[in-house]
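Beneath this line is the structure, given in structure tokens, with notes to follow.
The values are calculated or read from the model by the stated rules, or taken from the named source; none is laboratory data. Since the model is a prediction, treat every value here as computed from it, not as a measurement. Every residue, glycine among them, receives a Cβ derived from its backbone with ideal geometry; neighbour counts consider all protein chains shown.
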Amino acid sequence: MKKAILVIGMLSAFTASASMESTPKFKLIGDMNYSKFCKAVLEDDISMFKYSLMKKVGMVASTRAGVLRKLVSADGMTCAGENLLTFAKTRDAQEVYAYLVQNS
């Protein structure tokens with residue numbers, strides 16, 4: 001009986017802490033297969049951006065550089081209606097923007 005009460009108490013505490021978490025800063029909609037690129041720009045997270053490039057090798061192009069070229073091309077991906085370069089610049093994602101300029 002004591003174990004059951006302890007488990008219920010632990011679950012209640014976990015539920016309470018989960019409901020107290022803050023709401024996300026942004027909402028991603030659209031093609032979720034490429035959402036990590038937009039999220040990396042919003043968080044100015046160059047590691048996430050590079051990892052996302054690596055995960056698309058073989059699906060989009062045969063190299064990381066090829067994937068990047070396709071993403072920033074005229075008919076490449078968009079975030080919030082802007083191409084990747086413009087999106088990074090307007091969101092002040094300095095690290096990701098510098099990487100895009102240097103490598104595309």
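Odds and ends about this structure:
- In summary, Lys36 fulfils each of the numbered conditions (1) surrounded by 12 or more Cβ atoms within 10 Å (Cβ to Cβ); (2) of a type in the set (Lys, Arg); (3) at pLDDT below 70 with the single exception of condition (3).
- For Leu68, the criteria (1) surrounded by fewer than 17 Cβ atoms within 10 Å (Cβ to Cβ); (2) out of contact with any Gly (no Cβ under 7 Å at 6 or more places or on another chain) hold in every case but one, which is (1).
- In the condition set (1) part of a helix (DSSP H, G or I); (2) at pLDDT below 90; (3) under 16 Å from the mean Cα position of the chain (by Cα), Phe26 is compliant with all but (1).
- When the stretch 92-104 is limited to residues that are part of a loop (DSSP other than H, G, I, E, B) and at pLDDT 95 or above, the one that is farthest from the chain's Cα centre (by Cα) turns out to be Asp92.
Condition check ((1) surrounded by fewer than 17 Cβ atoms within 10 Å (Cβ to Cβ); (2) modelled with pLDDT under 95; (3) among the polar types (S, T, N, Q)) across all residues:
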{"residue": "Lys2", "(1), (2), (3)": "yes, yes, no"}
{"residue": "Ile8", "(1), (2), (3)": "yes, yes, no"}
{"residue": "Ala13", "(1), (2), (3)": "yes, yes, no"}
{"residue": "Leu53", "(1), (2), (3)": "no, no, no"}
{"residue": "Met77", "(1), (2), (3)": "no, yes, no"}
